[in-house]
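Structure record follows, encoded as C-alpha cells.
The values are calculated or read from the model by the stated rules, or taken from the named source; none is laboratory data. This structure is a prediction, so every number in the text was calculated from the model and none was measured. For neighbour counting, all protein chains shown are included, and Cβ atoms are generated from backbone atoms with ideal geometry for every residue, glycine included.
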Amino acid sequence: MADQKRTSKSAIRRGPVESARSALRLVEIGLDLTLAAVLMVAVLIIGGEVLHEIVVGLQSGSIEAALKILDRVLLLFIIAELIYTLRISLARSQLILEPFLIIGLVAVVRRILIATAQVEQWLVAERDIAPLLYELGALAGLVLSLAIALSLARKHSGRSSDYEAD
C-alpha cells in the first residue's frame with residue numbers, strides 16, 4: 001500500500017516535469033525551424049549575389065571579382081553545413097559536435113584563401129603585409145586546433161563521420 005502511494009506520487013511529480021520537457025522541446029524545434037528558414041533566405045540572397053558576381057567577373061576578368069565569388073561560394077557552403085547540422089539535430093534530438101567543428105574548419109579555410117589572395121594584392125600595392133602574415137599564422141594555429149578537436153571528437157564518439165539526418 002505504501003509502495004503504491006510512493007509510485008503514484010512520483011508519477012504525479014513526473015507529469016509536470018515531462019510536460020515542461022515536451023514544451024521546451026517544441027520551442028527548440030520551432031527555433032530550429034525558424035533558423036533553418038532564415039538560413040534558406042540567406043542562401044537565396046547570397047546565391048543571387050554570386051550569380052551577379054559571376055556575370056560581373058566574366059565581364060571584368062578581375063582577381064577581385066574571383067575572390068568575391070570564392071568568398072561567397074564558401075559562405076554558401078558554410079550555410080549549407082549549418083542547415084545540415086540542424087537537420088541532424090532535429091532527427092536525433094541532440095546536439096552533435098562534429099558538424100560544428102567542420103563548419104569552423106571551412107570558415108577558417110575560407111578566410112585563409114581570402115587572406116592569401118590579399119597578400120598578393122598588398123605586395124603589388126607595396127603595402128605592409130605583416131598584419132596579414134600574423135593573421136595567417138593565427139589561422140594556421142586555429143586549423144590545427146580544430147583538426148585535433150575533430151579527431152578527438154570522432155575518437156571519443158566511437159563513430160566515423162557518417163552522420164545522416166534520415
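Data table
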quantity: Yes/no for residue 95 being among the aliphatic types (A, V, I, L, M), outside any helix (DSSP H, G or I) and surrounded by fewer than 15 Cβ atoms within 10 Å (Cβ to Cβ); calculated: yes
quantity: Segment 122-135 residues that are more than 19 Å from residue 112 (Cα to Cα), paired with ones that are surrounded by 12 or more Cβ atoms within 10 Å (Cβ to Cβ) and modelled with pLDDT under 90 (beta carbon under 6 Å, 6 or more apart); calculated: none
quantity: Qualifying positions in segment 130-166 - modelled with pLDDT of 90 or more and over 18 Å from the mean Cα position of the chain (by Cα); calculated: 130, 131, 132, 133, 134, 135, 136, 137, 138, 140, 141, 152
quantity: Where residue 13 falls short, out of the listed (1) surrounded by 12 or more Cβ atoms within 10 Å (Cβ to Cβ); (2) at pLDDT below 85; calculated: (1)
quantity: Options 124, 106: the member that is in contact with a Leu (Cβ under 8 Å, 6 or more places away or on another chain) and not acidic (Asp, Glu); calculated: 106
quantity: Single unsatisfied condition, residue 145 versus (1) without any contact (Cβ under 8 Å) to a residue 12 or more places away in the chain; (2) of a type in the set (S, T, N, Q); (3) within 27 Å of residue 46 (Cβ to Cβ); (4) surrounded by 12 or more Cβ atoms within 10 Å (Cβ to Cβ); calculated: (3)
quantity: Near pairs, Cβ below 6 angstrom, 6+ apart or cross-chain, from segment 31-44 (under 13 Å from residue 76 (Cα atoms)) to any residue that is surrounded by 12 or more Cβ atoms within 10 Å (Cβ to Cβ); calculated: 39/79; 39/82; 39/83; 42/79; 43/79
quantity: Number of the condition not met by residue 51 [criteria: (1) modelled with pLDDT under 90; (2) closer than 28 Å to residue 34 by Cα]; calculated: (1)
